[in-house]
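In what follows, a structure is listed as structure tokens, so that the remarks can point back to it.
Just so you know, all these numbers are worked out from the coordinates, no wet-lab data involved. Bear in mind the structure is a predicted one, so any value in this text is a computation, not a measurement. A quick note on method: Cβ atoms are made from the backbone with ideal geometry, for glycine too, and the neighbour counts reach across all protein chains shown.
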Amino acid sequence: MEKQNVTLSIPRLLLKQAKIFAASQDKSLSQIMRESLEEKVREETDYNKARKRQLRLLKKGLNLGTGGQVKTSRDELHARE
């Protein structure tokens, strides 16, 4: 995979905390940033796939086995014995 350098502008305190975090994980700051970005992109991609799948399902509808006919009245459904 071809790599490209980028320049980031972040607050000094955040940079210091990020370096400490990376060291505690025994990773480089570049590796931490790359993994974090990959995770964000993957989450967004997975979310969009799931959203599209669910919207297709909503449009199609579900077979509830009623053939589109409700044979029980609301009162019968909520009757208490």
Quick one: which of T72, T45 is polar (S, T, N, Q) and over 26 Å from the mean Cα position of the chain (by Cα)? T72
Here is a check on your reading of the model: is L29 closer than 24 Å to N5 by Cβ and surrounded by 10 or more Cβ atoms within 10 Å (Cβ to Cβ)? yes
L13: passes all of (1) surrounded by 10 or more Cβ atoms within 10 Å (Cβ to Cβ); (2) over 25 Å from M1 (Cα atoms) but (1)
